[in-house]
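Contents: one structure, followed by commentary.
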Amino acid sequence: MTSTLLTGIGSLVTNDPAHGGPLGLIEDAALVVDGGRIAWTGPASAAPDADARQDAGGRAVVPGFVDSHSHLVFAGDRTREFNARMSGQPYKAGGIRTTVAATRAASDADLEANLVRHLAEGLRQGTTTQETKSGYGLTVDDEARALALAARHTDEVTYLGAHIVAPEYADDPAAYVALVTGPMLDGCAPHARWVDVFCEKGAFDGDQARAILTAGAARGLTPRVHANQLTYGPGVQLAVELGAASADHCTHLTDEDVAALAASDTVATLLPGAEFSTRAEWPDARRLLDAGATVALSTDCNPGSSYTSSMPFCLALAVRDMGMTPDEALWSATAGGAKALRRTDVGTLTEGARADLQILDAPSHVHFAYRPGVPLVEEVWRAGKRVA
């Protein structure tokens, strides 16, 4: 392998506080990539030699996005549901059943092709680390095949057999919980790193969620929780109690919920695409940040409530409607997402980190919010190689 000096960087976001502030911003900067990792960062005037050289021409360079919450193994879409919702009908968790039927009927090849297409979409927009979940099969075989397909393309795979109660168990949710914590878990655990549950009215209550997360943890899967999206509930407190890596959505929070998140290692992952697509109340990021909670931003890409793979779009929403500054939004979409996945090798451009980065067609990361909807990502590097 050869080392590469990327110089002429107008502004470099490292997320290294050693360079000052949370973003570790360096103006007129350079970095060296060696062996797929960051070997050096600093002012261009002090850059060391390398085997190859590329001039960024004054453009901004930022870490690759870490999208820590998505649902990419599915078939079909829910255009009619979205159209109805935009015409005044409320969003309900039960709409998931439409995607379940389509996913069960799809072939492995079709599911994988759709997964790869959405991963490529995200990559072109700067996402270099992607978590994704099962949750649209809801049978032992369909959940296991979803996770096996996902594991071919990402290390961050989440078992979400507890997305909703499967339609055939509608009259016996206890039996479905037994399936999720028994045979389905047995078939899915070998393919996953995480276990998740939709703890919400219309899905699983606190006791059911506790049983599912505890069973997953006993099989070596780390919990994360869909929490407090549609209403107030026990999801956030349960996530903190069980040491979950993240509580995701966090739209409806009590003061006690905010305090619990701030005092814990559980990351509050906010998903503004869901509020945009459902015309729901925005999460109050400012409240969480001011309390000292760690916040991540993610797309929640799924065919029902947030059909976007664009992290730049979610950054713009977070700045416009959730009380975040452009700096906070970028940190949450990179280093924050890494914390939600308990990763230290991504989300930063510090020595030893994986060389996942974006070169922007802009002089500053602020343009993500300043110029919403504009394709600003000019190049994407993953592990030191240009991939988009």
Which of the residues that make up the range 294-341 are among the charged types (D, E, K, R) and under 12 Å from the mean Cα position of the chain (by Cα)?
Asp300, Lys339
For Ala293: the one exception among (1) touching a helix residue (DSSP H, G or I) at 6+ places or on another chain (Cβ under 6 Å); (2) surrounded by 24 or more Cβ atoms within 10 Å (Cβ to Cβ); (3) assigned to a loop (DSSP other than H, G, I, E, B)
(2)
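Does Glu379 satisfy the condition of being buried (at least 18 other Cβ atoms within 10 Å of the Cβ), among the acidic types (Asp, Glu), touching a helix residue (DSSP H, G or I) at 6+ places or on another chain (Cβ under 7 Å) and at pLDDT 95 or above? Working first, answer last.
Details: buried (at least 18 other Cβ atoms within 10 Å of the Cβ): yes; among the acidic types (Asp, Glu): yes; touching a helix residue (DSSP H, G or I) at 6+ places or on another chain (Cβ under 7 Å): no; at pLDDT 95 or above: yes.
So Glu379 does not fit the description; no.
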What is the residue count in the range 1-54 for residues that are surrounded by 14 or more Cβ atoms within 10 Å (Cβ to Cβ) and in contact with a helix residue (DSSP H, G or I) (Cβ under 8 Å, 6 or more places away or on another chain)?
14
Scope the range 98-115; condition free of Cβ contacts under 8 Å to residues at least 60 places away in the same chain and either touching an Asp or Glu at 6+ places or on another chain (Cβ under 8 Å) or under 11 Å from Pro303 (Cβ atoms) (or both); matching residues
Ala102, Thr103, Arg104, Asn114
Starting from the range 71-92, keep only residues that are at positive phi, then list their pairs with residues that are in a loop (DSSP other than H, G, I, E, B) whose Cβ atoms are within a distance under 6 Å, requiring at least 6 positions of separation or different chains.
none
Looking at the range 196-219, can you tell me whether even one residue there is more than 17 Å from Ser305 (Cβ to Cβ), at pLDDT 95 or above and within 16 Å of the chain's Cα centre (by Cα)?
no
Being among the polar types (S, T, N, Q) and within 16 Å of the chain's Cα centre (by Cα) is the filter; apply it to the range 98-146 and report the residue that is surrounded by the fewest Cβ atoms within 10 Å (Cβ to Cβ).
Gln125
Name the residues in the range 186-210 that are free of Cβ contacts under 8 Å to residues at least 60 places away in the same chain and crowded, with 24+ Cβ neighbours inside 10 Å, would you?
Cys188, Ala192, Val195, Val197, Cys199, Phe204, Ala209
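Please go through the range 58-97 and give me each residue that is closer than 30 Å to Leu6 by Cα, assigned to a loop (DSSP other than H, G, I, E, B), under 24 Å from the mean Cα position of the chain (by Cα) and not polar (S, T, N, Q), ordered by number.
Of everything in the range 58-97, just one residue is closer than 30 Å to Leu6 by Cα, assigned to a loop (DSSP other than H, G, I, E, B), under 24 Å from the mean Cα position of the chain (by Cα) and not polar (S, T, N, Q), namely Gly64.
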Only one of these conditions is not met by Ala245: (1) in contact (Cβ under 8 Å) with a residue 12 or more places away in the chain; (2) open to solvent by 20 Å² or more (accessible area, probe 1.4 Å). Which number is it?
(2)
From the option list Gly58, Gly35, Gly21, single residue qualifying as under 30 Å from Glu275 (Cβ atoms) and either touching a residue at least 60 places away in the same chain (Cβ under 8 Å) or hydrophobic (A, V, I, L, M, F, W, C) (or both) is Gly21
If you take the residues in the range 255-276 that are closer than 21 Å to Asp321 by Cβ and not aliphatic (A, V, I, L, M), which one is surrounded by the fewest Cβ atoms within 10 Å (Cβ to Cβ)?
Phe276
Taking first residues from the range 40-53 that are more than 14 Å from Thr2 (Cβ to Cβ) and second residues anywhere that are at pLDDT below 95 and open to solvent by less than 60 Å² (accessible area, probe 1.4 Å), the pairs with Cβ under 7 Å that are 6 or more apart or on different chains are none
Test result for Leu213, open to solvent by less than 30 Å² (accessible area, probe 1.4 Å) and more than 26 Å from Gly323 (Cβ to Cβ):
yes
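The values are calculated or read from the model by the stated rules, or taken from the named source; none is laboratory data. Not measured: the values here are computed from a predicted model. Positions of Cβ are backbone-derived with ideal geometry, glycine not excepted, and every protein chain shown enters the neighbour counts. Only protein heavy atoms, including side chains, enter the accessible area calculation; ligands, DNA and RNA are left aside. Shrake-Rupley method; radii C 1.70, N 1.55, O 1.52, S 1.80 Å.
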